[in-house]
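**Q** Let me begin by handing over the structure; questions about it come next.
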Amino acid sequence: MTQSSLPIQTVLQIRDECLCLATQRAARKLARRFDRLFAPLGLTNGQFSMLMALSGPWTPRLGELAEFLAMDATTMTAAAKTLEKRGLLTLIADEKDARARRPVLTDAGRTIIAQAVPLWKAEHGVLAREVTTTDAAQLAQILWQLG
C-alpha cells in the first residue's frame, strides 16, 4: 500500500472545503435521485431537462440548447438523436441555415413530459423540505455566475 505524498491536512482540507468536489458530489446525488424517479418513464434526468427546455415557445438551435443546458455540442447531438429515435423529438432544419437543426417535441414527447412533471413536482416538494428554496436558488445563482 502506498502512502500519499500530500500532508493529511491538505487532503482533509480539500475533502471538506473544495467547492468543485462538493458540487460534483451533490450533482451526482441529485442526478441519481431524479434518474430513479424518471426510470419508470424510460427517461434520465438529463433527458427530462432537455424535453422541458423544449416544452415552451422557445425553438432553439441544438447549439443554443446545448449552451442553455451547459452541455458540449457533441453530447447534445447524441442526446437529441437518442430522443429522436424514441420518437420524443424531431430535428428540423433551421429556416435561415439548413446546416443548423432545431429540436422540436413530438406528440409523444409532450405526452411523456406531461407524465413526468407531476413526478418532478412531488419530488421537488420533498427536496424543498430538505433544502430551503432560498438556499437552493442562491446556490444555483452563485454556481451559474462562476461559469
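**Q** Determine the share of the chain's accessible area contributed by carbon and sulfur atoms, expressed in whole percent, with a 1.4 angstrom probe. Don't skip to the end; give the middle numbers.
**A** Details: 6110 of 10380 Å².
Looking at the chain in its full context, I get 59 percent from C and S.
**Q** How much net charge surrounds Ala39 when only the other residues with a Cβ under 15 Å from the Cβ of Ala39 are counted, with Lys and Arg +1 and Asp and Glu -1? Kindly include the intermediate steps, with their values, before the conclusion.
**A** Details: positive: Arg32, Arg33, Arg36, Arg86; negative: Asp35, Glu123.
Its environment carries a net charge of +2.
**Q** Continuing with this model, one more query. In debye, nearest 20, what is the charge dipole magnitude of the chain about its Cα centre with +1 on Lys and Arg Cβ and -1 on Asp and Glu Cβ, if you could check? The partial results should precede the final answer.
**A** Values: 18 positive and 14 negative charges, 84 e Å.
Approximately 400 debye in magnitude.
**Q** Report, ordered by chain and residue number, the lysines lying within cross-link reach of Lys121, taken as a straight Cα distance under 24 Å and ignoring same-chain residues fewer than 8 apart.
**A** Correct list for Lys121: Lys29.
**Q** Oh, and also: What aspartates and glutamates does Lys96 reach when the alpha-carbon gap must be under 18 Å and sequence neighbours fewer than 8 apart in one chain are set aside?
**A** Glu64
**Q** Plugging the Kirkwood radius over Cα pairs into Stokes-Einstein for the chain, at a temperature of 4 °C and a viscosity of 1.567 mPa s, what D comes out in µm²/s? Walk me through the numbers on the way to the answer.
**A** Working: Rh = 17.7 Å.
Once the numbers are plugged in, D ends up at 73 µm²/s.
**Q** Over the chain, with a Gaussian network built from C-alpha contacts below 10 Å, which listed residue (Ala114, Ala137, Ala93) shows the highest mean-square fluctuation?
**A** Taking springs between Cα atoms under 10 Å, the residue moving most is Ala137.
**Q** Who wins for biggest fluctuation among Val126, Val11, Val117 in a Gaussian network model of the chain, springs between alpha carbons below 10 Å?
**A** Val11
**Q** Give the accessible surface of the chain per residue, rounded to a whole number of Å², with probe radius 1.4 Å and ligands, DNA and RNA excluded.
**A** Computed with neighbouring chains in place, this is 71 Å² per residue.
The values are calculated or read from the model by the stated rules, or taken from the named source; none is laboratory data. All values reported here derive from a predicted model rather than from experimental measurement. When we count neighbours, we look across all protein chains shown, and the Cβ atoms used for this are built from the backbone with ideal geometry, even at glycine. To get the accessible areas, we keep the full protein, side chains included, count just its heavy atoms, and leave off ligands, DNA and RNA. Shrake-Rupley method; radii C 1.70, N 1.55, O 1.52, S 1.80 Å.
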